[in-house]
Number of protein chains: 4
Amino acid sequence: MEETLLTSAAEGVYVICPTPFESDGRLDIASTDRMVEAYLKAGATGLTILGIMGESPKLAAEESLTFAKQVMSTVAGRVPVVVGVSAAGFAAMSGLSRKVMDVGAAGVMIAPPSTLRTDDQIVSYYADAVEAIGADTPFVIQDYPLATNVVMTPKVIMRIIEQSPSCVMLKHEDWPGLDKITTLRRASAEGQVRRVSILCGNGGLFLPFEMERGADGAMTGYAYPEMLVGVVNLIKQGRRQEAHDLFDRHLPLVRYETQPNLGLAVRKYVLKKRGIIASDTLRKPGPKLSPETIAEIDWLMERIERSQQGSLAA
Amino acid sequence: MEETLLTSAAEGVYVICPTPFESDGRLDIASTDRMVEAYLKAGATGLTILGIMGESPKLAAEESLTFAKQVMSTVAGRVPVVVGVSAAGFAAMSGLSRKVMDVGAAGVMIAPPSTLRTDDQIVSYYADAVEAIGADTPFVIQDYPLATNVVMTPKVIMRIIEQSPSCVMLKHEDWPGLDKITTLRRASAEGQVRRVSILCGNGGLFLPFEMERGADGAMTGYAYPEMLVGVVNLIKQGRRQEAHDLFDRHLPLVRYETQPNLGLAVRKYVLKKRGIIASDTLRKPGPKLSPETIAEIDWLMERIERSQQGSLAA
Amino acid sequence: MEETLLTSAAEGVYVICPTPFESDGRLDIASTDRMVEAYLKAGATGLTILGIMGESPKLAAEESLTFAKQVMSTVAGRVPVVVGVSAAGFAAMSGLSRKVMDVGAAGVMIAPPSTLRTDDQIVSYYADAVEAIGADTPFVIQDYPLATNVVMTPKVIMRIIEQSPSCVMLKHEDWPGLDKITTLRRASAEGQVRRVSILCGNGGLFLPFEMERGADGAMTGYAYPEMLVGVVNLIKQGRRQEAHDLFDRHLPLVRYETQPNLGLAVRKYVLKKRGIIASDTLRKPGPKLSPETIAEIDWLMERIERSQQGSLAA
Amino acid sequence: MEETLLTSAAEGVYVICPTPFESDGRLDIASTDRMVEAYLKAGATGLTILGIMGESPKLAAEESLTFAKQVMSTVAGRVPVVVGVSAAGFAAMSGLSRKVMDVGAAGVMIAPPSTLRTDDQIVSYYADAVEAIGADTPFVIQDYPLATNVVMTPKVIMRIIEQSPSCVMLKHEDWPGLDKITTLRRASAEGQVRRVSILCGNGGLFLPFEMERGADGAMTGYAYPEMLVGVVNLIKQGRRQEAHDLFDRHLPLVRYETQPNLGLAVRKYVLKKRGIIASDTLRKPGPKLSPETIAEIDWLMERIERSQQGSLAA
């Protein structure tokens, strides 16, 4: 399936998939399929699974593979699937990476471990990671200091890109990070570094500006992915006011979803309420939504849907 | 000036004041006065100075006192002024606290040092701090894990309240933190703990919900404080949709201002553009706004003002 | 093999085993066997495998199990074997725990993840962990703040002991930690908490004092385990000066081995030089010993051996 | 007093001075004088005050200056005095630095704030610090990751040395750090970077090896500084076995003193018992020595003194 390998030309919206569980905590295959179809219908140009928001550390190794296979088989090549392979050690990373690439993944995503401190440590880590996954496996750098506690300067990112031709994408979720996109894009324009795809995470909180700074799209899991698709397309068409209007209607819920730890529970609740997954169960350790929280999410969804912009059908 | 001491009945909006500098970095006294008047005109029920967003660690001890005196003299007892006295040691905390209370402060605010880890360490720290500032000095607990890296459970906060009658307020900026407000309010309602004032920080990002959960107001420095005042009042009057509508019009800029490190520079720029302070200078170390960032702030201000809700006159 | 389950009566020296690799990074089974025999000959009363110093995060799941089986089969019930099952998630912890208990482990060891902050979070985490490993699996709390960044007060440890009858041991490696042992032992003496075994880690750096404070032995991997055995026995026999004399002769190397990150490489080098393992290979990421470092270790070994106390034959 | 400015040729033992307090917490001037004389008699070639172990954050600004003046006046130019000026902001750093240089300090020492992450952030911070203290004030880089959480590669240290001619010394206390000394010395030998003085901290735990790697001496506060002096001199004279023998006799207490937080209380207790300071009082927050801890220190002192190498008279 060589034609589906991830490249530096990737763009659009790669939806970060949660891992749906039954209420007893088992993998929910039916919901997985329904979710994949809903995301594709919403306009996803790619999917990303087994990331931080996919509860990947809570899955047994076999479960991760089962889930990956299921997604890949449902997607059936319609869009590229990126798989998070961040792991405590290179043996686990190597094993998972090989297995998912064998069943059709387009590439893998790697976040740095929280112990890295210096520039050189970060650059070396990615060199070792490439050795672990193989130089022919396209990979995404996940730059998410709020979660990883690792700060990568543009210079460090450029060193990683230069040392590894298989680095094809930056998942940008530094915070603040808008000037970082500008710096990287300027460096590519001036020929200092190969241009890679930049898709933005961080819950989408700055998406319209990120697009305007030179990002190619989003890689995040906001529970109304059609909004992400809409914003990306409107910005590309130069329809700036409309893009911001659309985005701002969703911003109250986007913000609510970016609450650390709680965010995934919020997201799964919305997906359940929208009929996309059957249960909003999280595996332990994970928060439970209080009645007050649920009422607030309901209120936010109602306000979005009243503005007649939020349905998958839109 | 005993009548102006901070009490558990405090409510409304305590605006967090930045420290205005001339373009060469000296204290800007004229801007300080203008800012105080603008905040009072916007409906502030109190002011807070020398907090994290007041660049307090960047001031020499004499400058802190000069600035505090200037603010107090301009306020002239119209509203209570809370002063941040967080310091690396109790000698400095004690000295500053005594001096500002002598010149009319209503109370002081104390954030825990980032080295604290266990519940008992946190509770002991506040006992020692009360010894340092004196048991007759009303104080505010600043609960801001994103900045301090110290996580306080509701139980810990209740222990501090119980051990110190001079604890009159919680500056709530845990994130996520809505359920924490609910827990604390329920505990007070059930008689488990004395009720203290809860004012919310975190840039105001969740203000309408925080009010609905039982907060008494806001303590934050968003550059359009009249919006904070409006939201607090609308929620108190039970006009929920209007409160959220007003808040949501500002949310794009509120979000933009919550970017760590960059946020204060954004805020000072907006205050300058609104004619409230003369220069948006930050002392080192501090970020510089890029042209792209300035253009984005301009865009966000324009959208707010076009919606005819943003002027101080409103 | 119920008779070999770990109990609160455990004492002596549980040697922390490194995982021996061939020079190409594969598991070295022959060295594993030789190492096990050397440790038993040195007087180990138990072994601990797949801990932090066992490079467990660098092993694939299958390798961990292979190694555990090999050790268990070589030990053949002569002493209890404790297996580290700390994992990023409960599914992995549960799986590994079940498998190693099935092949004869005496119990498992669990370190808290670095994200835990409050007392309640730590206590809850261990409750969830017990659910994952099963209430009939004896477990060891690993209290090692320097590595985990989680600080557990004596009160928290006592809450975990009380909530879980299957908690049978504390691996004590807080630093400083001598008063913690005294506090826990006093609490048991006064009937406030069930008495569990306390074995000390931290490279053995405070072993004689730890024994005098009430510890039951050591659980660490110093490359001359016969010294650990000697010290534990001498202290139990009340021969204090001799215990300290023996310990102090080794302290220069003990100290050298406690260097973070570098320590394991030092230890493997000594074990290789003593003929216990064939190669001192570490898996990536791991330090390489410089020629200067090697010369220093050689010097320290020579000084120990010249003092005629260091050989396995002693 | 220009002739006493600190230079890159500094060597020997700069004793880190604690700040002596009366039992009620006030500065103890008489003990300060006695301590200074004891350190000079022990062979100190310099003194360092107001460092982390000098409880500097617990002193009011006036107290710091009073203490610095007292030390300088007692030293009366016999040896250089280095003053710690690390502060939360540059205004405070600048003020203290100017004042202590005015009263005769030879230079200042600056540790990086714990918020720094990337290589460039560290290098910029030192550029700003030099601006704050003035380019004519000699300064020492304090490289102490265990306390600061900032990791500086040799490359970063070399960039700071190159950018600031006033950088004359590295206080080396990275851990592990022996290879760092070798790398820096090799870089100087090869002409890649100007040679600065390297004095070693970290409680002296690796002093003999550090000297052999190319350090110029020690900057630490072990309570028997005559041992530090002896080791430095013996190594310089090439008497290696004697140096290690002397060091190893003290290592049990050196190790005991390196316990984080507790260490300073141990050190003050030893200094009190040796008649050097009157009280071992620490300001809050600080640990209290338990009876068991005191008995252990007594035991360690007895063993050192029995070996007839420990007295100031030796």
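The values are calculated or read from the model by the stated rules, or taken from the named source; none is laboratory data. Everything quoted here is computed from the prediction, not taken from an experiment. Cβ coordinates were reconstructed from backbone atoms using ideal geometry, including for glycine residues, and neighbour counts include every protein chain displayed. Side chains are part of the model used for accessible areas, which takes the heavy atoms of the whole protein and leaves out ligands, DNA and RNA. Shrake-Rupley method; radii C 1.70, N 1.55, O 1.52, S 1.80 Å.
As a test of the formula, what do you get for the protein assembly as shown when each DSSP H run with n ≥ 4 contributes -39,500 (n - 2.57) and the sum is divided by the residue count, at 222 nm and rounded to the nearest 500 deg cm²/dmol?
Mean residue ellipticity, 222 nm, calculated: -14500 deg cm²/dmol.
If R0 is 30 Å, what FRET efficiency do you get for A:R78 and A:A30 from their C-beta distance, rounded to 0.05?
Calculated transfer efficiency: 0.95.
With N denoting the number of residues in the range B:59-185, provide Rg(C-alpha) divided by 2.2 N^0.38 Å, to two decimal places.
The range B:59-185 yields a ratio of 1.06.
Place a +1 charge on the Cβ of each Lys and Arg in the range C:1-157 and a -1 charge on the Cβ of each Asp and Glu, then give the dipole magnitude about the Cα centre in debye, rounded to the nearest 20.
180 debye
Quick check on the range B:103-154: what are the equivalent-ellipsoid semi-axes from the Cα gyration tensor, as sqrt(5λ), descending, whole Å?
Working through the eigenvalues yields semi-axes of 21, 13, 8 Å.
What is the Cα convex hull volume of the range C:1-138 when expressed per residue in Å³?
Taking the convex hull of the Cα positions in the range C:1-138, it is 112 Å³ per residue.
Express the C-alpha Rg of the range D:136-295 as a ratio against the empirical globular expectation 2.2 N^0.38 Å, rounded to two decimals.
With N residues counted in the range D:136-295, Rg over 2.2 N^0.38 Å equals 1.13.
Counting protein heavy atoms only and a 1.4 angstrom probe, how many square angstrom of accessible surface do chains A and C bury in total, to the nearest 100?
Approximately 1100 Å² gets buried when A meets C.
How large is ³J(HN,Hα) for each residue in the range D:187-195, as worked out from phi by the Karplus curve 6.51 cos²θ - 1.76 cosθ + 1.60 (θ = phi - 60°), to whole Hz, x for Gly and Pro?
Computed from phi, the couplings for the range D:187-195 are 4, 5, 4, 8, x, 6, 7, 4, 7 Hz.
Note down the relative contact order for chain D as a percent, whole number, built from C-alpha pairs under 8 angstrom at least six residues apart.
20 percent
Can you tell me the FRET efficiency between B:N261 and C:R306 if r is taken as the Cβ-Cβ distance and R0 is 51 Å, rounded to the nearest 0.05?
With R0 = 51 Å, the Cβ-Cβ based efficiency is 0.35.
List, in order, the whole-Hz ³J(HN,Hα) value for each residue of the range A:140-152 obtained from phi through the Karplus relation with A = 6.51, B = -1.76, C = 1.60 and θ = phi - 60°; use x for Gly and Pro.
10, 7, 9, 10, 9, x, 4, 8, 9, 6, 10, 9, 10
Where the centroid of each part is defined by its Cα atoms, how far is the range A:3-74 from the range D:79-152 in Å?
Computed from Cα coordinates, the inter-centre distance equals 50 Å.
Could you tell me how many cubic angstrom of Cα convex hull volume the range B:205-307 has per residue?
Spelled out: Cα convex hull of the range B:205-307, divided by residues, is 101 Å³.
Tell me, what HN-Hα J-couplings in whole Hz come from the Karplus equation 6.51 cos²θ - 1.76 cosθ + 1.60 at θ = phi - 60° for each residue of the range A:22-31, using x for Gly and Pro?
5, 5, 8, x, 6, 4, 10, 6, 4, 5
For A:Q142, which sequence-distant residues (separation of 5 or more, or a different chain) have an amide H within less than 5 Å of its own amide H, given hydrogens modelled in the peptide plane?
Residues meeting the criterion, in which the H sits 1.01 Å from N, are A:I110, A:A111, A:K171.
Sequence-distant or interchain residues sharing an amide H contact under 5 Å with D:A42, placed H: which?
The answer is none.
Take the Cα pairs of the range C:175-255, get the Kirkwood Rh, then feed it into Stokes-Einstein at 20 °C and 1.002 mPa s and tell me D in µm²/s.
Diffusion coefficient, whole number: 166 µm²/s.
Could you point to the residue in A:Y126, A:V108, A:I157 farthest towards the positive end of the range A:107-163's charge dipole, with +1 and -1 charges on the Cβ of Lys/Arg and Asp/Glu respectively?
With unit charges placed on the Cβ atoms, the residue in question is A:I157.
Suppose a student asked you for the relative contact order of the range B:147-206, using Cα pairs under 8 Å spaced at least 6 residues apart; what percent would you report?
With pairs under 8 Å counted, the relative contact order is 42 percent.
Roughly what would the spin-label model give for C:D120 and C:R185, points 7 Å off Cα along C-beta, in nm?
Result for the modelled spin labels: 3.4 nm.
Compute the projected area of the convex hull of the Cα atoms of the range A:139-228, averaged over all viewing directions, and report it in nm² to one decimal place.
Dividing the Cα hull surface by four gives the mean projection, 5.6 nm².
Would you pull out the residues with amide H under 5 Å of D:V13's amide H, same chain only if 5 or more places away, H placed 1.01 Å from N?
Close amide H contacts, sequence-distant or interchain: D:T45, D:G46, D:A218.
Of B:A92, B:V81, B:M53, which is farthest on the positive side of the dipole of the range B:46-129, counting Cα position, with +1 on Lys and Arg Cβ, -1 on Asp and Glu Cβ, and the Cα centre as origin?
Ranked along the dipole, the leading option is B:V81.
Starting from the Kirkwood Rh over alpha-carbon pairs, what translational D in µm² s⁻¹ does the protein assembly as shown have by Stokes-Einstein at 37 °C and 0.692 mPa s?
In µm²/s, the coefficient rounds to 101.
Quick one: the Cα spread of the range A:29-97 along its three principal axes, in angstroms, biggest first?
Projected onto its principal axes, the Cα set of the range A:29-97 covers 36, 21, 19 Å.
Return the single residue from B:A132, B:A44, B:A218 with maximal mean-square fluctuation; model: Gaussian network over chain B, springs between Cα atoms under 10 Å.
Maximum fluctuation in the GNM of chain B, among the listed residues, is at B:A132.
Beyond a 26 Å Cα-Cα separation, which of these cross-linked pairs lie in this structure: A:K58/A:K288; C:K288/D:K155; A:K171/B:K284; B:K41/B:K69?
Checking Cα-Cα distances, A:K171/B:K284 exceed 26 Å.
Given charges of +1 on the Cβ of Lys and Arg and -1 on the Cβ of Asp and Glu, with all other atoms neutral, how large is the dipole of the protein assembly as shown about its Cα centre, in debye to the nearest 20?
Using only the charged Cβ atoms, the result is roughly 0 debye.
When all protein chains stay in place, what accessible area (Å², nearest 10, 1.4 Å probe) is found for D:D298?
Counting only protein heavy atoms, D:D298 exposes about 40 Å² to solvent.
At q = 0.09, 0.10, 0.11, 0.13 Å⁻¹, what is the log10 ratio I(q)/I(0) for chain B, with the Debye formula run over Cα points and no solvent?
The computed values of log10 I(q)/I(0) come out as -0.41, -0.52, -0.63, -0.91.
Under 10 Å, Cα contacts only: if you run a Gaussian network model on chain B, which one of B:L234, B:L264, B:L50 comes out with the highest mean-square fluctuation?
Comparing B:L234, B:L264, B:L50 in the GNM, the peak value goes to B:L234.
Quickly work out the C:D102-to-D:E292 label distance, labels modelled 7 Å from Cα along the C-beta direction, and quote it in nm with one decimal.
Simple spin-label model gives 4.2 nm for this pair.
Tell me which of D:C200, D:I181, D:M211 sits at the most positive position along the dipole axis of the range D:162-314, charges placed on C-beta atoms (Lys, Arg +1; Asp, Glu -1).
D:C200
In the protein assembly as shown, what % of DSSP beta bridges are antiparallel (nearest 5)?
Looking only at bridges with both residues in the protein assembly as shown, the antiparallel portion is about 5 percent.
Find the relative contact order for the range C:55-112 and round it to a whole percent, using C-alpha pairs within less than 8 Å whose residues are 6+ positions apart.
For the range C:55-112, the relative contact order is 39 percent.
Find the all-direction average of the projected area of the Cα convex hull for the range C:1-67, expressing the result in square nanometres with one decimal place.
5.5 nm²
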